[in-house]
Amino acid sequence: MNIIINDTNITLQTDDGTSSHILLTKPDIADYGNVTTRPLVKSYHLVRETIWERFCECVQEINEHCRHDIHCGCYLMTFGPLYTALLSNSQAKNILYYGKKEASSFLSSLQDFMTFLQADSSLVSLPLHPLVFSGLANGSWHAIVMDLDAGCNIRTVCDAITKVRKGGILLLYTALDAPADDMAGLLHHAVKTAFSSCTLYTFTMEPSLCELLYPYSAEALVLTYTEELLTHAAKVNSLTQNILQGEYLPEDCRYAMELLTTAEKDLLALYDYLEDPCLPVYANTLKEALMDCCIGLSDGTETQVYLDKLRLAAQIFFTAIESEF
Amino acid sequence: MKKYNICVIPAYPLENVQLLKDRVLVPYACYRHFGESLTIVTQAVEEYPYLTYLEGAQLHSLPCSESLSHMEAAIAYVSDHYKEIDLLCLFGARLEYTQLALQYKALRPEGILYLKLDINSGWANALPLDHEPYAAFLDSCDIISCEARRLQQLLCQKWRKIIEYIPNGIYYPFYPTIENTTYGDKENLILTVGRIGSVQKNSHVLLYAYALAYLHFTTPWDLVMIGSVTPEFQEIYDVFCREFPAIAPHVHLTGSITDKTQLHTYYRRAKIFALTSQMEGGSPNVYAEAAGFGCTILTTDIDCAQDMTDQERLGRIVKDPDDIHAYAQALSALCADQVYLEHNFTAVRDYIRHYFDYDHIARRLGLLIEYTATEKETL
């Protein structure tokens with residue numbers, strides 16, 4: 001990939017020269033070379049370097065260091081919208097990155113440019129874990145950059161979007177031919193920019209987008225699961241009490257077992273959010289106690305020991321559920 | 001409940017003694033409850049006299065050769081016989097199973113794949129969960145069980161999968177003398193059974209802890225160690241006999257006992273069953289046998305120690321497997337407490353009868369299998 005820089009534009013061009021893409025047009029700002037009186041600008045005046053020059057340098061650095069990375073074009077393309085976001089006002093900016101460690105040169109150049117603009121700006125690279133966004137405060141980041149090829153699922157992306165502040169941007173890039181099927185509906189709401197094998201999706205955070213995506217977020221997932229879980233737990237409690245009071249029906253036992261299996265799956269899906277990591281096992285132990293009862297009661301022999309175990313397992317599970325939710 | 005054609009395929013060629021251990025006994029108990037047939041598929045590496053215990057079970061000998069390994073032949077068997085396998089039982093969280101499991105699920109998606117883990121926490125931490133074929137293997141299993149509650153919690157946390165607790169138990173019909181065993185049959189005997197001297201069994205700890213405890217005995221107690229003896233342990237034992245000539249006559253190394261009646265006689269006579277293991281794959285098969293005969297358990301803190309002693313209600317746990325003094329202290333305290341041992345005789349037997357009876361466990365597995373099959377039908 002080649003980069004062509006002139007006084008007004010930065011253009012990307014494929015090696016064979018058959019395709020090109022304008023990465024950025026120099027903003028039309030009066031006295032651009034002295035665009036701001038921010039402290040950082042003082043330093044660039046000292047080294048006699050304008051923002052535009054520094055930006056061009058960073059872009060060239062990325063192209064040089066990431067030349068063999070299939071995402072090189074993607075990194076460069078993110079710089080366009082980031083440039084605008086970073087210069088939107090004189091405040092310090094915070095940006096999150098979620099992607100592979102191969103992007104370190106890109107991150108280093110981006111960090112350099114951010115610091116050049118405003119020394120207090122921060123760039124945070126997150127570890128690749130689908131739930132990593134869930135611990136962050138909502139609406140608090142100016143921009144988030146995500147590598148769609150790093151195994152992002154729709155929930156992670158929706159979680160990320162909820163963390164972007166109003167007017168901020170979420171940038172998703174990919175070097176693959178097509179995004180995962182479940183992403184298609186979501187990406188429909190983004191501005192798509194494609195060049196060569198690289199595609200960039202840009203979301204600008206606004207309330208309507210947040211409303212649209214919230215149902216897919218981890219927070220919504222937790223609430224949905226919690227609601228279902230509590231309904232199931234109440235039914236299991238009732239069935240368990242029936243058995244303990246001598247009203248045993250094999251089909252009740254099987255139904256409770258089914259509900260508890262679903263509860264176990266729900267609890268495992270929520271595992272990272274649980275205060276009590278033993279909850280799924282408590283559900284399993286209660287299911288086991290129910291099965292023991294089911295067997296013991298159908299034999300009609302020595303049932304008391306199984307009923308005692310059921311009472312204890314139920315007490316542990318429901319106490320834990322109550323304390324958790 | 002539907003009758004299942006059950007197939008057991010070990011990861012490695014089966015030995016005769018393993019026919020009467022959990023890897024075969026769990027499927028066998030299932031077969032007795034809801035099985036149409038039970039086929040044990042293995043490369044035959046020796047004679048299998050214990051097969052006579054497993055009435056109705058078939059052993060299919062794999063045609064292995066230098067160019068066809070046990071697992072390759074097993075995969076070929078599954079390809080040829082998948083229609084006759086409704087329930088496939090695998091044993092051990094082994095990478096070797098990857099292709100076999102995926103092959104079975106590809107050919108019989110509605111079939112049930114049950115994996116009994118036979119695992120300990122050290123092994124669980126070393127499994128290659130990021131290795132895609134291995135992860136696919138675990139995903140392909142419909143029911144996964146482990147043998148200790150401590151492990152169940154660990155695996156649930158690491159794997160985010162439903163892990164059932166299926167302990168290693170006892171198949172009562174093979175223990176005709178258990179029922180009429182009384183505390184009156186018991187003698188002041190401390191018993192251990194296993195590969196004496198293996199690193200895992202940590203047998204020297206028991207030997208020297210016994211010597212230390214011996215000094216505190218108010219009545220004589222003997223130590224019986226049953227099982228094949230490693231040359232290294234034989235040396236330790238010879239030195240021990242020279243060091244403690246007064247105690248040595250009370251320590252008996254019987255060697256391996258294959259005659260079940262004779263082995264059961266030892267269980268019947270022993271008051272205390274001692275385990276000094278560093279670790280165990282799952283839970284030791286000998287535990288449920290000993291406890292079934294009413295032996296009080298003294299064990300090191302292996303993964304299943306809490307389950308074996310029902311949180312130390314029915315036995316004692318020594319935290320550090322290498323702490324000979326602590327083990328000796330616990331041993332002499334137990335030997336001195338005849339009231340506890342007598343009371344425990346009934347309590348531990350009841351506990352085993354209720355929770356470690358393979359008959360009961362198989363019925364529980366039956367419920368799980370029935371539920372899984374119904375769930376698959378509705379998908």
Region A:305-315, subset more than 8 Å from chain B (Cβ to nearest Cβ), open to solvent by 30 Å² or more (accessible area, probe 1.4 Å) and over 24 Å from residue B:143 (Cα atoms), residue farthest from the chain's Cα centre (by Cα): A:308
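Yes/no per residue for (1) under 23 Å from residue B:332 (Cβ atoms); (2) in contact with an Asp or Glu (Cβ under 7 Å, 6 or more places away or on another chain); (3) not hydroxyl-bearing (Ser, Thr, Tyr); (4) not assigned by TED's automatic domain parsing to the domain that holds residue B:200:
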| residue | (1), (2), (3), (4) |
| --- | --- |
| B:267 | yes, yes, no, no |
| B:272 | yes, no, yes, no |
| B:275 | yes, no, yes, no |
| B:282 | no, yes, yes, no |
| B:288 | no, no, yes, no |
| B:304 | no, yes, yes, no |
Boolean, residue A:179 is in contact with a Leu (Cβ under 7 Å, 6 or more places away or on another chain), in a loop (DSSP other than H, G, I, E, B) and open to solvent by 30 Å² or more (accessible area, probe 1.4 Å): yes
Does residue B:231 fit the bill of being assigned by TED's automatic domain parsing to the domain that holds residue B:275 and over 26 Å from residue B:295 (Cα atoms)? yes
Does region A:101-109 contain at least one residue that is touching an Asp or Glu at 6+ places or on another chain (Cβ under 6 Å) and polar (S, T, N, Q)? yes
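In region B:241-263, what residues are in a helix (DSSP H, G or I) and out of contact with any Pro (no Cβ under 8 Å at 6 or more places or on another chain)?
Listed by number, the residues that qualify are B:241, B:242, B:243, B:248, B:249, B:260, B:261, B:262, B:263.
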When you look at residue B:40, is it open to solvent by less than 20 Å² (accessible area, probe 1.4 Å), under 20 Å from residue B:368 (Cα atoms) and at pLDDT 95 or above, yes or no? no
Looking only at residues in region A:147-168 that are part of a helix (DSSP H, G or I) and open to solvent by 10 Å² or more (accessible area, probe 1.4 Å), which one is nearest to residue A:89 (Cα to Cα)? A:162
So in region B:277-291, with the set limited to residues that are in a loop (DSSP other than H, G, I, E, B) and either open to solvent by less than 10 Å² (accessible area, probe 1.4 Å) or of a type in the set (A, V, I, L, M, F, W, C) (or both), which one is nearest to residue B:119 (Cα to Cα)? B:282
Out of B:254, B:299, sole residue that is surrounded by 22 or more Cβ atoms within 10 Å (Cβ to Cβ) and among the hydroxyl-bearing types (Ser, Thr, Tyr): B:299
Residue B:19 vs (1) assigned to a helix (DSSP H, G or I); (2) more than 27 Å from residue B:167 (Cα to Cα); (3) free of Cβ contacts under 8 Å to residues at least 60 places away in the same chain; (4) hydrophobic (A, V, I, L, M, F, W, C): all pass except (2)
Among the listed residues B:196, B:226, B:236, B:247, which satisfies the condition of being touching a His at 6+ places or on another chain (Cβ under 8 Å) and under 21 Å from residue B:331 (Cα atoms)? B:236
Taking the stated definitions as given, is residue B:86 charged (D, E, K, R) and under 30 Å from residue B:154 (Cβ atoms)? no
Restrict the check to region A:180-198 and report whether at least one residue is out of contact with any Lys or Arg (no Cβ under 8 Å at 6 or more places or on another chain), closer than 30 Å to residue A:16 by Cα and among the basic types (Lys, Arg). yes
Considering only region B:256-268, I want to know if a residue exists there that is within 14 Å of chain A (Cβ to nearest Cβ), among the β-branched types (Val, Ile, Thr) and over 27 Å from residue B:144 (Cβ atoms). no
Open to solvent by 40 Å² or more (accessible area, probe 1.4 Å), in the same structural domain as residue B:222 (by TED's automatic domain parsing), of a type in the set (A, V, I, L, M) and at pLDDT 95 or above, is that true of residue B:333? yes
Test: residue B:271 is buried (at least 22 other Cβ atoms within 10 Å of the Cβ), touching a residue at least 60 places away in the same chain (Cβ under 8 Å) and among the basic types (Lys, Arg): yes
What number of residues within region A:273-293 are within 9 Å of chain B (Cβ to nearest Cβ) and open to solvent by 10 Å² or more (accessible area, probe 1.4 Å)? 4
Hey, among A:251, A:302, A:258, which residue is away from every other protein chain (no Cβ under 12 Å) and at pLDDT below 95? A:251
Counting only strands (runs of 3 or more DSSP E) wholly inside region B:97-215, the ones holding at least 3 residues that are more than 14 Å from chain A (Cβ to nearest Cβ) and open to solvent by less than 20 Å² (accessible area, probe 1.4 Å) are B:112-116, B:189-193
With the condition kept exactly as written, say whether any residue in region B:232-245 is open to solvent by 20 Å² or more (accessible area, probe 1.4 Å), at pLDDT 95 or above and closer than 27 Å to residue B:53 by Cα. no
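Conditions tested, residue by residue: (1) in contact with a Phe, Trp or Tyr (Cβ under 8 Å, 6 or more places away or on another chain); (2) open to solvent by less than 40 Å² (accessible area, probe 1.4 Å).
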residue: A:175; (1), (2): no, yes
residue: A:188; (1), (2): no, no
residue: A:211; (1), (2): no, no
residue: A:215; (1), (2): no, no
residue: A:230; (1), (2): yes, no
residue: A:239; (1), (2): yes, yes
residue: A:246; (1), (2): no, no
residue: A:252; (1), (2): no, yes
residue: A:258; (1), (2): yes, no
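The values are calculated or read from the model by the stated rules, or taken from the named source; none is laboratory data. All figures in this text were calculated on a predicted structure; none of them were measured in a lab. All Cβ positions, even for glycine, are placed from backbone atoms using ideal geometry, and neighbour counts span all protein chains on display. Calculation scope for accessible area: heavy atoms of the full protein, side chains included, ligands and nucleic acids excluded. Shrake-Rupley method; radii C 1.70, N 1.55, O 1.52, S 1.80 Å.
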